Amino acid sequence: MRIHVVIPSVGRAAILAKAVDRLADQTRPPDGVVVVVTGSDDIAGMEQSRLRPEILFSRRGSCVQRNVALDHLADGADVAVLLDDDFVPARDYLEQVERWMSADPAIAGIGGTLVADGILGDPIPFEDAVARLDRGERPVCGIWERESLYGCNMAISMAAAIGLRFDERLPLYGWQEDIDFTSQLARRGRLVSGPQVAGIHLGVRSARSPGRQLGYSQVANIVYLCGKGTMPLQHGRRMLTRNLAANLVRSLWPEAHIDRRGRLAGNLLAVADLMRGRLDPQRAEQL
């Protein structure tokens with residue numbers, strides 16, 4: 001089984017270099033590592049990594065960059081492991097992916113279970129994540145079926161994903177692109193998660209979409225995906241209501257690491273566009 005790791009990245013050269021180097025510790029080495037960036041500054045310091053990844057260049061955008069890698073690997077990989085540059089996998093991550101995929105050909109995708117997620121609070125230092133994983137810290141849970149996967153880490157069967165790509169109408173950070181892609185993948189096979197495939201999402205804040213852009217996407221992308229049929233309407237309504245309420249309330253007492261007022265401004269602009277019949281996810285790029 002040919003397992004290749006894909007890491008798209010923009011503007012986070014230091015963390016990207018650490019992420020690539022971490023892959024050298026895998027108990028089952030990757031057959032290849034593909035890094036997709038927008039310029040040479042994104043890979044500064046990569047020469048210090050113990051691995052030598054393939055470097056592909058692309059225009060900016062999570063969906064675009066992942067598609068460049070999937071097209072590149074179309075005939076050369078059996079499994080593509082898509083990782084954010086701030087995701088730290090357990091040492092046996094790839095070994096477990098291969099074990100699961102080999103045991104059940106009906107598996108179309110595997111989502112690694114998170115030991116911790118820094119996006120929910122303060123970012124987690126890289127070295128702390130490595131230490132926690134290397135001493136065997138794992139989530140307490142069983143194996144369960146998924147309807148979609150969390151985009152910070154997922155392994156997909158290339159055979160199941162033939163002809164399937166990320167929607168490039170979701171620009172920049174591609175908010176909710178993981179639900180869109182993997183809900184379609186779920187129609188072609190099983191999506192599963194369990195404690196054996198695990199890691200930590202650092203939640204690095206740098207180079208993420210500014211608050212105004214993200215706020216617009218929080219409305220526009222949900223409306224678009226519900227209309228497309230890849231996000232359940234009830235789920236979309238719940239997420240939309242939660243985001244609007246959180247940004248409204250927290251804009252009065254914002255967290256230090258979240259631009260709540262920018263997000264709220266983006267939310268309101270998107271709602272206004274929706275009412276005028278001109279809502280478009282790609283408009284976020286212009287804000």
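The values are calculated or read from the model by the stated rules, or taken from the named source; none is laboratory data. No experiment lies behind these values; they were computed from the predicted model shown. Backbone-built Cβ (ideal geometry, glycine too); neighbour counts: all protein chains shown.
Here are some notes:
- Residue in region 152-161 that is in contact (Cβ under 8 Å) with a residue 60 or more places away in the chain and part of a helix (DSSP H, G or I) present: no
- Just one of the listed residues (Arg212, Arg238) is within 22 Å of Leu149 (Cβ to Cβ), among the charged types (D, E, K, R) and either assigned to a helix (DSSP H, G or I) or in contact (Cβ under 8 Å) with a residue 12 or more places away in the chain (or both), namely Arg238.
- For Pro29, the conditions (1) crowded, with 22+ Cβ neighbours inside 10 Å; (2) touching a residue at least 60 places away in the same chain (Cβ under 8 Å) all hold with the exception of (1).
- Considering residues of region 251-287 that are outside any helix (DSSP H, G or I) and in contact (Cβ under 8 Å) with a residue 40 or more places away in the chain only, the residue surrounded by the fewest Cβ atoms within 10 Å (Cβ to Cβ): His257
- Matching residues in region 12-58 - criterion: being of a type in the set (D, E, K, R), over 18 Å from Leu82 (Cα atoms) and part of a loop (DSSP other than H, G, I, E, B): Arg50
- Number of positions in region 59-69 that are assigned to a helix (DSSP H, G or I) and in contact with a Ser or Thr (Cβ under 8 Å, 6 or more places away or on another chain): 3
- Thr38 vs. criteria in the same structural domain as Ile119 (by TED's automatic domain parsing), surrounded by fewer than 16 Cβ atoms within 10 Å (Cβ to Cβ) and among the β-branched types (Val, Ile, Thr): no
- Test: Val20 is of a type in the set (A, V, I, L, M), touching a Lys or Arg at 6+ places or on another chain (Cβ under 8 Å) and at pLDDT 95 or above: no
- Taking region 189-207 as the range and being under 15 Å from the mean Cα position of the chain (by Cα), crowded, with 18+ Cβ neighbours inside 10 Å and not in a strand (DSSP E or B) as the test, the residues that pass are Leu202, Gly203, Val204.
- Being among the aliphatic types (A, V, I, L, M) and within 24 Å of the chain's Cα centre (by Cα) is a condition met by at least one residue of region 250-257.
Here is a yes/no grid of residues against (1) touching a Lys or Arg at 6+ places or on another chain (Cβ under 7 Å); (2) modelled with pLDDT under 95; (3) basic (Lys, Arg); (4) closer than 24 Å to Arg2 by Cα:
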site	(1), (2), (3), (4)
Asp75	no, yes, no, yes
Asp85	yes, no, no, yes
Thr113	no, no, no, yes
Ala155	no, no, no, yes
Ala159	no, no, no, yes
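- When Phe126 is tested against the conditions (1) at pLDDT below 95; (2) of a type in the set (Phe, Trp, Tyr); (3) within 17 Å of Arg22 (Cα to Cα), the lone failure is (1).
- Residues of region 134-188 that are of a type in the set (D, E, K, R) and buried (at least 19 other Cβ atoms within 10 Å of the Cβ): Asp167, Glu177, Asp178, Asp180.
- Among residues of region 78-107 being outside any helix (DSSP H, G or I) and acidic (Asp, Glu), the one that is surrounded by the most Cβ atoms within 10 Å (Cβ to Cβ) is Asp86.
- Search result, residues across region 131-145 that are part of a loop (DSSP other than H, G, I, E, B) and either within 22 Å of Arg190 (Cβ to Cβ) or in contact with a helix residue (DSSP H, G or I) (Cβ under 6 Å, 6 or more places away or on another chain) (or both): Arg138, Pro139, Cys141, Gly142, Ile143
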